[in-house]
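Below is one structure; the comments refer to it alone.
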Amino acid sequence: MRPRSLARLLVAAACLVHGRSATAQTDPGVELVLPTGRALRVTLTGNTTVHKVGQLVTARVTEPVYSYDRIVLPVGSLVEGRITKLEPPSKLERFRSMTAGDFSPHRTVELRFESVIRDGERTPINTIAKNEAPRVVRATTHTAQPDATGGSVGRAKAEVKSRAAEAVAGAKQKVVDAIASAKDPDRMDRLKQWAIDRLPYHRQVLRKGTVYDAELESSVSFGTAPAHLLAPEGTVPKPDSILTARLLTTLDSRATPRGFPLEAVVSEPVFAEDGRLIFPEGTKLTGEVTFAQPARRFHRNGQLRVLFERVEAPDHESTPLLASLHAVDVSADTPVALDDEGGAAVQNSKTRFVEPALALLALRASADQGEGRGFERSPTAARPTSVSAGGGNPLGRGLGGLIGFGVIGLVVGQVSHPLGIAFSAVGAARSVYTNILGRGQEVRFPADTPIQVQLAPNPASQTP
């Protein structure tokens, strides 16, 4: 009986090994696919003067693109595309442009990126570019750290520390921005382009560094790969953890009411300390808008506050998970400030009163017939001759004309005193209304905007 038992044991072991081998061979792993609707954030690699449909455009991926649990497109991957449509501006846009002294209003450009180079190989993609932004910065909140002593004294200390940290961080950021601006090799190019844009006629240029979200209109497969081990059911990231995601819902302080549902999707997988996967790319975050205030007159800007309340991993049920907005990518032309409760508001520039003040001074100087006022020369200067004296101050007329009607206003204002006054009046009225009396700016985060969310500081605050 012993040889027969041994033979049975060997047969059972062989069957077990064969079964495991067959299972391993039939296990396809995880398929690395970028689904339809997935956005690739790219930035143009150079300036492109817009001439016609079909022009080639190149860009590079600015943030890693994940599929499930790994990177499929690293930062810097080259993306190639072309201009596919040029639409003329509307009549209203033409009118606004011409009243500002620009007689070459820009056309609406449609870009499509058609291939991406990965590991030296060109992979075809089908995308359309959205959310154009000339320059993008990341707005980040500075969360106050809780004080271990607790009580009102602890909260006060935490608040003081938070304010001090915000001030220091803001000062450091200004220094960094100033240094970066001084060292920026494209600074002179941007200055040159700014001067060209002030001309009445100038070519339309897609500038280097302009950011787009290239949204996939068809899925792209990058093969299969063995998946990471999954963390046990119910595992969540540590409190205060920061998750990288992108919005699926467009948020607008004017059009998005309080209680409006919102969705985001995790764009970077989250792992536990032991390397097991907690949330793969594609995990959904859901929540709602908890506060919305549209922009109002006298340049009062809009405000938004959002809260994420649940998380839903692929093939899993939705579970509670509280998180607030920690960081968001925004246009550098619309500075946004975030608070530690997930609130966002547009910051008013401290220099927004400079242009109205200059415009009003220029208007006064251009209309003033006397001496020693506004932009008048020093009292010891020679009295202007009848040839040079066209009424008012030439410098005032020139500045007022530039503010009111661009370069044309600058030139015409020197030739005609009445037109100089008219251009100065238009510029003063427009700048005062835009910077002081008019409606402020809305907080707007379009779909596909990259964000970061911070989990609640302790598990007790995560309630169903």
- Taking other Cβ within 10 Å of each residue's Cβ, how do Val79, Val53, Val72 sort, fewest first? Val53, Val72, Val79
- Task: Sticking with the crude label model, points 7 Å out along Cα→Cβ, report the distance from Asp339 to Ser219 in nm, one decimal please.
- Result: 4.3 nm
- What order do you get for Ser221, Ser366 when you list them from fewest to most C-beta neighbours inside 10 Å? Ser221, Ser366
- Ellipsoid semi-axes in whole angstrom, largest first, where each is sqrt(5λ) of the Cα gyration tensor of region 238-295: 29, 11, 8
- Task: May I ask you to evaluate 6.51 cos²θ - 1.76 cosθ + 1.60, the Karplus curve with θ = phi - 60°, for each residue of region 94-101 and list the ³J(HN,Hα) values in order in whole Hz, giving x for glycine and proline?
- Result: 4, 5, 4, 5, 5, 5, 9, x
- Query: Rg (Å, one decimal) plus Dmax (Å, integer) for the alpha carbons of region 73-141?
  - Reply: 17.2, 51
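Counting Lys and Arg as +1 and Asp and Glu as -1, what is the net charge of the other residues whose Cβ lies under 14 Å from the Cβ of Glu312?
Computed value for this residue: -4.
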- Message: As an exercise, use a Förster radius of 51 Å and the Cβ-Cβ distance of Leu78 and Ser416 to find the FRET efficiency, rounded to the nearest 0.05.
- Response: 0.45
- Item | Alpha-carbon Rg/Rh ratio, for region 203-288, with Rh computed the Kirkwood way | 1.08
- Item | Kirkwood hydrodynamic radius of region 230-341, Cα pairs, Å | 15.4 Å
- Fewest-first ranking of Phe298, Phe222, using other Cβ atoms within 10 Å as the exposure measure: Phe298, Phe222
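Every read-out reported here was derived from the displayed coordinates using simple, explicitly stated rules and does not represent laboratory data. Since this is a predicted model, take the numbers as computed values, not measurements. Note that we place each Cβ from the backbone using ideal geometry, even for glycine, and neighbour counts take in every protein chain shown.
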